[in-house]
Amino acid sequence: MTSYSEVQLDIESVKFGISGIVSKFFESKESAALKDSFISNYYSAIEQHEEEDTNDYLKLRRMITEFKPALSSVLQLGEEFDGLCESVIPLFNVMLDSAKQQILGESSRSKTMGPVIPGSDQSTDIRYYCTVCKQKFDIPQKVKTKLLDSVDNVKIPEHHGKEMKIMIVRLEDTSPLEEDANAVNADIKLDESEFSAAVLMGHFPSLESNVEYLKLLSVGIDVGSSTSHLVFSRITLKREQSFFNPSNRFLPINREIIYEGRIIFTPLSNSNTIDVESVVNFIQEEYKKANIETNMVDTGAVIVTGEAARKQNAAEIVSRISSETGKFVSATAGPNFEALLGAMGSGVFKRSQTTQRTIMNVDVGGGSCKLSIISNGYVYSTAAIRVGGRLLGIDNNFKIWRIDEPSYFLMQELDMDYQLGDIISEKDVRIFAKKYAGVLLEVMREPAKSHLAKKLMLTDDLDFTIPIDEYSFSGGVAEMIYGGTKEYDDIGRYLAQEILNLMNSLNLPVVEPDNKIRATVIGAGAFTLSISGSTCFVDENVNLPVFNVPVIPVNVTYENFSAQKVEEEVNQAFKNFDFEEGKDLVALYFTRPILSSSERLPVFAKALESALPNSVANEKMIILLFGMDIARILATTIRRETSIRNNLICLDELILKAGDWIDIGDPLHKGDAYPVTIKSLVFKG
């Protein structure tokens, strides 16, 4: 046998081969700059470990493990990314096989059935193995990496009440184990993995050769206090495959903006009314410019934001736009939801995930500021306050043409008395803006304490239990915070200057997001979508899409489960939200696991029937939502064991909460999954 340190490999030929494959790929895409960037990043990552990699085997291993990180720096996840990874794995495996033969002292290579092509790698892999049911399950890549690379103990999940084993398999042999002895414990060194490029790289082409993708066209439409605009995006979803997700749910992996429309001032008929016809005409014109028909749109959202959402015909605006711009488009509004969309569309989510820092994003619009605390890619807290550039409209001569309600409050605080048509001094405008900025900074740093801050808050205060590492600003006013010069006939530029002055005086770190004025509309068009699990059920008599269904959680758990408890908690859920069973359409949401065996399914089904007598008698639609994978088998049981035959919807793998409203769209991917838009539908007068 030969030791690892004595293995001799032609590393330069591997580099040449990798460069050739990558160059050919990027040349076909006419992306020479991306090719050069990849090569530079790849070689740089390898060279950083030259002192550690003292032999050919370690050098080869480094080339394999650094490939995906370098590729991800220039290419987004998706079909092309997977395809390029699969193209280089055979080349790596040739060298790994050579190393293995040298270490084992074998003089001949094992026979193959012919040349290896991308996507048909015959390497090894690891699986979970249940010693009870004799089944193997995929291991999520993050867990797989920990098992292979970490010195720490990794918790192994249970199946049929027993902790599973870790098993090494050859991918050409995926038949169930015949003997438990073939399974090995997690703490045993997995030497076979050292000779699999797929395992070392963390990419498994034979598992993913049938990976399925969905591409959806999404529209985001923002009718705001100052401006209105829209964005069309292409969203790519990939079917997730793992032990933890046996229903193979589609998850979003990429968003591409394909059209950014014009930004116009939101047309008003008068101070309290949005000009509906003008808004609808504008949107129709933008569809034509983008060469997009309404029937091409798969999903999206209409967001009426800030003070615009408080106009008397805001709901009419939403209804008209939704009905005339694509049946999948859902109408949403609400300050907390806007805060979330602003953070998502600005790029702060991605920055937080990348830097692992806590960022407060402040979306400063015309009628309100929406605040979000994002920590390590997680939404920690949201809030909103009525501070914005459009709350006081002034022209070039400082003539007041608009005064919104919050500005009347502020005038009382400042002992000012201005009316529409008056000329306000620039000095008073600056005082006005400084006061607004001060209130905003107050609620950015602590719960509202001053009388004015409490008066202007639209939501509860932020949760300040974690420290903020840095701040970012999005929205129309943010354009001027970061140096933009466009003005909107309001106090926006003065507000931007005062916010920046206060941030500097308090020495608060400010970072610039990717998107500012378009943040909310980008977030609305690309991030409002959730996809149900593929083990779902929708009765053929149900007409989709279904709009504006309130979600009411039901407190039934595995621990408290009984037929009586199901009935009691369903009845209580209706009472908690002031809905009437059999009259109001709601979605009953069961978030925690409630069933552990098939024996409980008929009990649960019959209890639901008893709890919904009016819905059953009147054949009203019954919508059941679950956090766990259970929908299809439960629907089958309900139809078999109860009188509920029609108008049944069962969807699973959804993360929802009290106060959410949902839209359910037409099925995707041959009925395997359904788009669910989760939103907060709030119009306050």
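Counting Lys and Arg as +1 and Asp and Glu as -1, what is the net charge of the other residues whose Cβ lies under 14 Å from the Cβ of residue 572?
Here the count lands on -4.
Among 498-508, 416-426, 361-371, 633-643, what's the highest-first ranking by average C-beta atoms within 10 angstrom per residue?
Packing order, densest peptide first, comes out as 361-371, 633-643, 498-508, 416-426.
Using 0.36 nm times the number of residues separating residue 548 and residue 466, minus their current alpha carbon distance, what extension gain do you get?
Here the answer is 26.1 nm.
Per residue, what volume in Å³ does the convex hull of the Cα atoms of segment 535-668 enclose?
98 Å³
Sort 85, 536 so the one with the fewest other Cβ atoms within 10 Å of its own Cβ comes first.
In increasing order of surrounding Cβ atoms, one gets 85, 536.
Using the count of nearby Cβ atoms within 10 Å as a rough guide to exposure, how do 661, 401 rank from fewest to most?
401, 661
Calculate, in nm to one decimal, what residue 262 and residue 640 gain on full extension: separation in residues at 0.36 nm each, minus their alpha carbon distance.
130.7 nm
Please report 430, 127 as a ranked list, fewest other C-beta atoms within 10 angstrom at the top and most at the bottom.
430, 127
Please report the antiparallel percentage of DSSP beta bridges with both residues in segment 348-513, rounded to the nearest 5.
75 percent
State which entries of 434/454; 59/100; 24/350 exceed 21 angstrom in Cα-Cα distance in the structure shown.
Checking Cα-Cα distances, 24/350 exceed 21 Å.
Please give the peptides 296-303, 269-276 ranked by average Cβ packing (other Cβ atoms within 10 Å per residue), highest first, as a rough proxy for protection.
The packing order, highest mean first, is 296-303, 269-276.
Would you mind counting up the charge near residue 48? Only other residues with Cβ under 15 Å from its Cβ, with Lys and Arg at +1 and Asp and Glu at -1.
Once all neighbours under 15 Å are counted, the net charge is -3.
Which links in 165/215; 15/35; 399/486; 15/68; 565/620; 370/575 stretch past 26 Å when you go from one Cα to the other?
In this structure, 165/215; 370/575 lie more than 26 Å apart at Cα.
When the chain is fully extended, how far beyond the present Cα-Cα distance does residue 489 get from residue 289, taking 0.36 nm per residue of separation?
Net length gain for the segment: 69.3 nm.
What number comes out for the charge environment of residue 267, summing +1 per Lys or Arg and -1 per Asp or Glu over other residues with Cβ under 9 Å away?
Here the count lands on -2.
Show me 28-41, 216-229 ranked by packing, highest mean number of other Cβ atoms within 10 Å first.
Order by mean packing, descending: 216-229, 28-41.
Would you please classify the overall shape of segment 1-84 from the alpha carbon gyration tensor, given that a ≥ b ≥ c denote the square roots of the eigenvalues, rounded means a/c under 1.5, and beyond that prolate means a/b larger than b/c while oblate covers the rest?
prolate
Here, each number is a calculation from the coordinates, and none is a lab measurement. Quick caveat, the model's predicted, so the values are computed rather than measured. Neighbour counts are summed over all protein chains in view; Cβ atoms, including those assigned to glycine, are modelled from backbone coordinates with ideal geometry.
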